[in-house]
Number of protein chains: 2
Amino acid sequence: MTSLSERALINLIRGTTVAAAPDLIKGIGDDCAVFGTAATGQWLITTDTLVDLVHFDRAWHSPELLGRKCIAVNFSDIAAMGGRPRFVMLALCLPPDLEEVWLQGWLSGVTALLAEYGCIIIGGDTVRGRELVITVTVLGEAPPEQIMYRAGAAAGDSIYVSGPLGSAAAGLALFQKAKLEGTDPVQWSQWQDLLNAHLNPLPAVKLGQFLGSSGCVSSMQDISDGLATDLAHICLASGTGSVIYEQQLPSLSVIDSAALFLQKEKLDLVLKGGEDYQLLFTVHPGREAELEARLLTELNHRIYHVGTITTGHGVILEKSDSSRCDITFQGYEH
Amino acid sequence: MTSLSERALINLIRGTTVAAAPDLIKGIGDDCAVFGTAATGQWLITTDTLVDLVHFDRAWHSPELLGRKCIAVNFSDIAAMGGRPRFVMLALCLPPDLEEVWLQGWLSGVTALLAEYGCIIIGGDTVRGRELVITVTVLGEAPPEQIMYRAGAAAGDSIYVSGPLGSAAAGLALFQKAKLEGTDPVQWSQWQDLLNAHLNPLPAVKLGQFLGSSGCVSSMQDISDGLATDLAHICLASGTGSVIYEQQLPSLSVIDSAALFLQKEKLDLVLKGGEDYQLLFTVHPGREAELEARLLTELNHRIYHVGTITTGHGVILEKSDSSRCDITFQGYEH
């Protein structure tokens, strides 16, 4: 669509949406919408559409792993609100040449991930079209006090991410290069973790629930479009700014050689590459050590302190040489 | 997709779905899924995907009316369960050449219909693709005792439809003929009601809620694939058979001349044409007169008694000459 970005379109839709309802807790503008009442229980809902050759490439994505990923990216949105995924709707637009065996493989990936989380397919729609378009909608639930929003960060909060960044973007770039050059990426065993990060992202469902119920976290979302964009969402929603420190950004060590091989800046992969599906969250000042210790003890999970929420607005990167630059919304746009 | 019908695919998905949950009241196999608990309130959810040139044609469908229709077809599913639509998720796959002005028109149609029912867009996703694919998900609510399912019909129940059948199928056929022949259908003023039935279906939301709460209705669904198929769904779910009578099937009188002009069988349009979005429901024996009278008095709405639920299975048509034939699942498949 010429000259209309996803954000512009969302704003167009948001502009038409002026109505309110007492049981609509959160509409457009977070990882999930939230509805229901505190008395009767609150539900989370999120939807993601994946298009053939836009969001995935069957040349390197097996149907099983793509099935897992279609669910995982939605589970990540539920996780980012502190929720537990429960029910799934599948809307499939299937081209005439799609083979039944591919679809069975895709479904087996879908159902394998659903089974791991005790989730159930409750409905959907299947139609014919010229290209493969997969829309997954997931319903989740959470105790109201455990639901984390983007708009909760305050100046002085510490900014954390739940794991290494840039791996999926590096993995995608490797697959794209391999396809372009006719190489088989199987030979790149040193970069297997990067390839896997793209093929089979793991939604941080357990961690998200832990963080939501910890009492330490003030805001949260998942990193789907890159830290530079997703942190900007938190700042915009919270009315704050932020500083992140290049030296504190976690990444897998193998990303260095991959970035060199790909002739890409590692920092771009880490900050602006999409599809990490790590959690990004802010922690009340003074609660950092407690939270880090509890996560190590109870979940055996290490988190990474990458910056600080400030007054002002946007996302400032402080580089290793202490120079600063504005990277607000410089992430990947699907 | 070669050799895999929508029903076969749904069965494939259903086969993978063995899990149960105490707050999943109804999964796959009705117009909506139903979740929640009686104590905390039950929610309905439904999703429909519409694909450019498969489910609509922008050659004759204005963006405003298509926007209305994308919502209306989902509202019809909520209505068919006796519910009230509340919240909407939009997942849009937009081709690069789609004009912003078209999208604004489409959105204005969407929001106009939503406003009529006090519904709110609460989220969604927008992505790029080669063709226009529109997936709408609607959440509705209903008091648990008012929710109507397909599986409730019993031998001896009377079968009703909420309005004339075949109009939308005739309207679609007229538009298709006009496009093929380069004619402007505006000249066909005598068939305007048929054209409108295709362009701008009206979901029977108020009627559905009335029927759900009437105490007279044993099963219900909407007619989206034609009476022959949709009644077969009720029979399959209820473990019953059915007989419908050609002479009692309601249709607009102008469908006769349109069928002649289109060289189509009127009975095929009425029984097998899709997209009527009337309600199909069964009424407990002895409650027919009461229900008909209340609907006339309270909603000024006439309903049509078209047949009887029987033992056995499937859908039998008794023709005007008293001959009988099996028309089970002979409706339109999208």
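Derivation of every value follows stated rules applied to the coordinates shown; laboratory data play no part. In this text the structure is predicted, and so the values were computed from the model without any measurement. Counting neighbours? That spans all protein chains shown, and the Cβs are built from the backbone with ideal geometry, glycine included.
Report D for segment B:108-234 in µm² per second (integer): Stokes-Einstein, Kirkwood Rh on Cα pairs, 25 °C, 0.890 mPa s.
After rounding, the answer is 137 µm²/s.
Give the average over all directions of the projected area of the C-alpha convex hull of segment A:32-72, one decimal, in nm².
The number I arrive at for segment A:32-72 is 3.6 nm².
Can you give the local net charge around A:Leu271? Use residues other than it whose beta-carbon is closer than 13 angstrom to its beta-carbon, Lys and Arg +1, Asp and Glu -1.
Details: positive: A:Lys264, A:Lys266, A:Lys272, A:Lys319; negative: A:Asp225, A:Asp230, A:Glu246, A:Glu265, A:Asp268, A:Asp276, A:Glu318, A:Asp326.
With Lys, Arg at +1 and Asp, Glu at -1, the neighbours total -4.
Return P(r) of segment A:273-334 (all Cα-Cα pairs; 5 Å bins starting at 0; whole %; ordered from short to long distances).
Using 5 Å bins, I get a P(r) of 3, 12, 18, 22, 18, 16, 9, 1 for segment A:273-334.
Enumerate the calculated ³J(HN,Hα) couplings along segment A:139-150 in order (Karplus 6.51 cos²θ - 1.76 cosθ + 1.60, θ = phi - 60°), each rounded to whole Hz, writing x wherever the residue is Gly or Pro.
9, x, 9, 6, x, x, 6, 9, 6, 9, 10, 5
If you wrap segment A:206-267's Cα atoms in a convex hull and average its projection over all directions, what's the area in nm²?
5.8
Full-extension gain between B:Cys325 and B:Glu290, please, as 0.36 nm times their residue separation minus the C-alpha to C-alpha distance. Present the calculation step by step, with values, prior to reporting the outcome.
Details: separation 35, 0.36 × 35 = 12.60 nm, distance 3.15 nm.
Result for the pair: 9.4 nm of gain on full extension.
With the cut-off at 17 Å, report for segment B:29-103 the share of all Cα pairs above it, as a whole percent.
The proportion of pairs with Cα distances above 17 Å equals 53 percent.
Report ³J(HN,Hα) in whole Hz for each residue of segment B:49-66, in order, from the Karplus equation J = 6.51 cos²θ - 1.76 cosθ + 1.60 where θ = phi - 60°; Gly and Pro get x.
10, 10, 10, 3, 6, 9, 9, 7, 9, 5, 4, 10, 9, 5, x, 4, 5, 5
Note down, for segment B:173-241, the three equivalent ellipsoid semi-axes (square root of 5 times each alpha carbon gyration tensor eigenvalue), biggest first, whole angstrom. Display every interim value, and only then the final one.
Numbers: eigenvalues 235, 56, 10 Å².
Each semi-axis is the square root of five times an eigenvalue, giving 34, 17, 7 Å.
Kirkwood Rh over Cα pairs of segment B:74-140 into Stokes-Einstein at 37 °C, 0.692 mPa s: D in µm²/s? Intermediate results must be reported in sequence, preceding the final value.
Numbers: Rh = 12.8 Å.
The Stokes-Einstein estimate is 257 µm²/s.
Each label point is 7 Å from the Cα along the Cα-to-Cβ direction; what then is the distance between the points at A:Glu265 and B:Glu265, in nm?
6.9
Run through the other copies and list how far each one's label point is from that of B:Glu265, in nm with one decimal, shortest first; the point sits 7 Å from Cα along Cα-Cβ.
Result for B:Glu265, in nm, nearest copy first: 6.9.
Cα-Cα over 23 Å: which of B:Lys69/B:Lys264; A:Lys69/A:Lys179; B:Lys206/B:Lys266; A:Lys206/A:Lys266; B:Lys69/B:Lys272? Display every interim value, and only then the final one.
Numbers: B:Lys69/B:Lys264 25 Å; A:Lys69/A:Lys179 20 Å; B:Lys206/B:Lys266 29 Å; A:Lys206/A:Lys266 29 Å; B:Lys69/B:Lys272 20 Å.
Over 23 Å Cα-Cα: B:Lys69/B:Lys264; B:Lys206/B:Lys266; A:Lys206/A:Lys266.
Can you compute 3J(HN,Hα) from phi for each residue in segment B:291-303, using the Karplus curve 6.51 cos²θ - 1.76 cosθ + 1.60 with θ = phi - 60°, rounded to whole Hz and x for Gly and Pro?
Karplus-based 3J(HN,Hα) across segment B:291-303 equals 5, 4, 5, 4, 5, 5, 6, 8, 10, 6, 10, 9, 10 Hz.
Report the net charge of residues surrounding A:Cys235, where surrounding means a beta-carbon distance below 12 angstrom and charges are Lys +1, Arg +1, Asp -1, Glu -1.
Net charge in that neighbourhood comes out at -2.
Could you pull the copy-to-copy label distances for A:Pro144, with points set 7 Å along Cα to Cβ, in nm to one decimal and sorted shortest first?
Listed shortest first, these distances are 2.1 nm.
Report, by chain and number, residues whose modeled amide H sits under 5 Å from the one on A:Gly156, excluding near sequence neighbours (fewer than 5 apart, same chain).
Excluding prolines and chain starts, which carry no amide H, the hits are A:Ile309, A:Thr310.
In µm²/s, what is D for the protein assembly as shown at 25 °C and 0.890 mPa s, where D = kT/(6 pi eta Rh) by Stokes-Einstein and Rh is the Kirkwood radius from Cα pairs?
Answer, rounded: 93 µm²/s.
Using alpha-carbon pairs under 8 Å, 6+ residues apart, how would you state the relative contact order of chain B in percent?
Numbers: 729 pairs, mean separation 71.4, N = 334.
Here the relative contact order equals 21 percent.
Quantify how much of the Cα-Cα distance distribution of segment B:158-326 extends past 27 Å, in percent.
Values: 3842 of 14196 pairs.
Across segment B:158-326, Cα pairs with separations above 27 Å total 27 percent.
Label-to-label distances across copies for B:Val186, with labels 7 Å out along Cα→Cβ, in nm, shortest first?
Result for B:Val186, in nm, nearest copy first: 6.3.
Can you give me the long-range amide H partners of A:Ser219? Hydrogens built in the peptide plane at 1.01 Å from N, cutoff under 5 Å, separation of 5 or more residues or another chain.
Those qualifying (amide H under 5 Å, at least 5 residues apart or on another chain) are A:Thr282.
Taking the Cβ of A:Arg294 as the center, what net charge do the other residues with Cβ under 13 Å away carry, scoring Lys and Arg +1 and Asp and Glu -1?
Around A:Arg294, the charge tally is -2.
Quick one: which of B:36-43, B:165-172, B:224-231 comes out on top by average Cβ neighbours within 10 Å, and what's the full order, highest first?
Working: B:36-43: 16.5, B:165-172: 28.0, B:224-231: 25.8.
Result, highest mean first: B:165-172, B:224-231, B:36-43.
How many percent of the alpha carbon pairs in chain B exceed a separation of 28 Å?
42
On alpha carbon coordinates alone, what is the Rg over Rh value for segment A:6-146, Rh being the Kirkwood radius? It would help to have the intermediate numbers written out before the result.
Details: Rg = 16.3 Å, Rh = 16.2 Å.
When Rh is taken as the Kirkwood radius, the ratio is 1.01.
So which trypsin sites (Lys or Arg not before Pro) in segment B:69-159 are both in a DSSP loop and have at most 15 other Cβ atoms within 10 Å of their Cβ?
Working: sites: B:Lys69, B:Arg86, B:Arg128, B:Arg130, B:Arg150; in loops: B:Arg130, B:Arg150.
Counting only loop positions with at most 15 other Cβ atoms within 10 Å, none of the trypsin sites (Lys or Arg not before Pro) in segment B:69-159 qualifies.
What residues qualify as long-range amide H neighbours of B:Arg86, i.e. H under 5 Å apart, gap of 5 or more or another chain, H built at 1.01 Å from N?
Here the answer is B:Leu139, B:Gly140, B:Glu141, since their amide H atoms fall under 5 Å of that of B:Arg86.
Using a simple spin-label model with points 7 Å from Cα along the Cα→Cβ vector, what separation in nm is obtained for B:Lys206 and A:Asp97?
Taking the simple label geometry, B:Lys206 and A:Asp97 are separated by 5.1 nm.
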